[in-house]
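Any read-out appearing in this document is the output of simple, stated calculations on the displayed coordinates, not a laboratory observation. All of these numbers come straight from a predicted model, not from anything done at the bench. Here the Cβ positions follow ideal geometry from the backbone for every residue, glycine too, while neighbour counts run over all protein chains shown.
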Amino acid sequence: GAGVSQSPSNKVTEKGKDVELRCDPISGHTALYWYRQSLGQGLEFLIYFQGNSAPDKSGLPSDRFSAERTGGSVSTLTIQRTQQEDSAVYLCASSLALPGQGTSPLHFGNGTRLTVT
Amino acid sequence: KQEVTQIPAALSVPEGENLVLNCSFTDSAIYNLQWFRQDPGKGLTSLLLIQSSQREQTSGRLNASLDKSSGRSTLYIAASQPGDSATYLCAVSGTDKLIFGTGTRLQVFP
């Protein structure tokens with residue numbers, strides 16, 4: 001596709017369940033980011049992947065959160081034992097390179113709205 | 001730790017007005033600054049990217065300036081239209097990730 005694709009667009013889950021959020025970046029983009037946007041808050045960095053390098057997981061809020069990127073393309077963000085405070089919009093973005101490596105803007109998907117009941 | 005602040009948090013103006021949105025950041029060691037637009041229920045759309053060595057960038061009715069030494073950027077919107085209504089976010093980057101402000105919610109009424 002032409003843009004970053006995220007699925008599902010909406011997810012309602014019960015507290016304690018595990019969820020998987022998917023991101024399909026723009027073809028050829030080596031950098032992939034996950035951000036979280038809570039109601040009335042700014043975007044909170046979670047994790048990024050760049051090529052074959054080890055991901056920067058410094059923004060993951062707890063060990064219940066994990067992410068992987070298979071084959072340098074599709075990424076999955078997994079939240080285990082979901083809590084109500086995990087409710088937010090999870091945004092994925094990709095770019096041709098990291099900011100320090102070039103001037104490629106960040107392209108965002110429409111996000112997954114997660115509601116934990 | 002980099003912190004990004006946007007003022008005002010919300011703005012409501014009549015159609016046709018020129019307006020300025022402000023963004024400030026605490027650490028001037030940035031690689032670039034980007035302005036984004038976010039429509040309700042949507043992701044972010046990149047509007048302008050200013051490299052740290054640049055002073056401004058223009059796209060149509062939008063002009064963004066950067067004063068890295070003072071930690072400030074402004075987004076100027078000329079002749080505003082109702083279709084400009086959205087939340088505008090600025091983000092600064094180090095070598096790898098972007099740090100976002102909380103945005104300015106703009107409403108342009110006819």
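Quote the relative contact order of chain B in percent (integer), defining contacts as alpha-carbon pairs under 8 Å separated by 6+ residues. Please list the in-between numbers first.
Values: 283 pairs, mean separation 41.1, N = 110.
Relative CO of chain B lands at 37 percent.
Select from B:S12, A:W34, B:N63 the residue farthest towards the positive end of the dipole of the protein assembly as shown; place +1 on Cβ of Lys and Arg, -1 on Cβ of Asp and Glu, and compute about the Cα centre.
The residue sitting farthest along the positive end of the dipole is A:W34.
Distances over 22 Å make up what percent of all Cα-Cα pairs in chain B?
Details: 1528 of 5995 pairs.
Tail fraction, whole percent: 25.
Go ahead and set up a Gaussian network model of chain A, Cα springs under 10 Å, then flag whichever of A:S73, A:S104, A:S27 fluctuates most.
Result for chain A, Cα springs under 10 Å: A:S104 fluctuates most.
Evaluate the distance, in nm, between pseudo-label points positioned 7 Å from the Cα of B:S28 and of A:D18 along their respective Cα→Cβ axes.
Result: 4.9 nm between the two label points.
Using every Cα-Cα pair within the protein assembly as shown, state what percent have a distance larger than 33 Å. List each step's numbers first, then the result.
On the way: 4128 of 25651 pairs.
For the protein assembly as shown, the share of Cα pairs beyond 33 Å comes to 16 percent.
Which ³J(HN,Hα) values in Hz, rounded to whole numbers, follow from the phi angles of the stretch B:70-82 under the Karplus curve 6.51 cos²θ - 1.76 cosθ + 1.60, where θ = phi - 60° and Gly and Pro get x?
So the Karplus estimates, Gly and Pro as x, are 9, x, 9, 9, 10, 10, 9, 10, 8, 6, 4, 10, x Hz.
Report, ordered by chain and residue number, the aspartates and glutamates lying within cross-link reach of A:K17, taken as a straight Cα distance under 14 Å and ignoring same-chain residues fewer than 8 apart.
Leaving aside aspartates and glutamates fewer than 8 places away in the same chain, those within reach of A:K17 are A:E85, A:D86.
Could you identify which residue out of B:P14, B:P82, B:P40 has the top mean-square fluctuation in a GNM of chain B using Cα springs shorter than 10 Å?
B:P40
Which value, in Å to one decimal place, does the Kirkwood hydrodynamic radius take for chain A when every pair of different Cα atoms is included?
Numbers: mean 1/r = 0.0702 Å⁻¹.
Evaluated over chain A, this radius sits at 14.2 Å.
Per residue of the stretch A:106-117, what does 6.51 cos²θ - 1.76 cosθ + 1.60 with θ = phi - 60° give for ³J(HN,Hα)? Whole Hz please, x for Gly and Pro, Karplus curve as stated.
8, 10, 9, x, 7, x, 10, 8, 9, 10, 9, 9
In debye, nearest 20: dipole of chain B around its Cα centre with unit charges on the Cβ of K, R (+) and D, E (-)? Please list the in-between numbers first.
Values: 9 positive and 9 negative charges, 33 e Å.
Here chain B has a charge dipole of around 160 debye.
Tell me which lysines have Cα within less than 17 Å of B:K97's Cα, excluding those fewer than 8 residues away on the same chain?
A:K57, B:K1
Choose one answer from A:V12, A:V89, A:V74: the residue with the largest mean-square fluctuation in a GNM of chain A with alpha-carbon springs under 10 Å.
A:V12
Under a Cβ-only charge scheme (Lys and Arg +1, Asp and Glu -1), can you give me the dipole magnitude of the protein assembly as shown about the Cα centre, in debye to the nearest 20? If you can, show how the numbers build up before the last one.
Working: 19 positive and 19 negative charges, 31 e Å.
Its charge dipole is roughly 140 debye.
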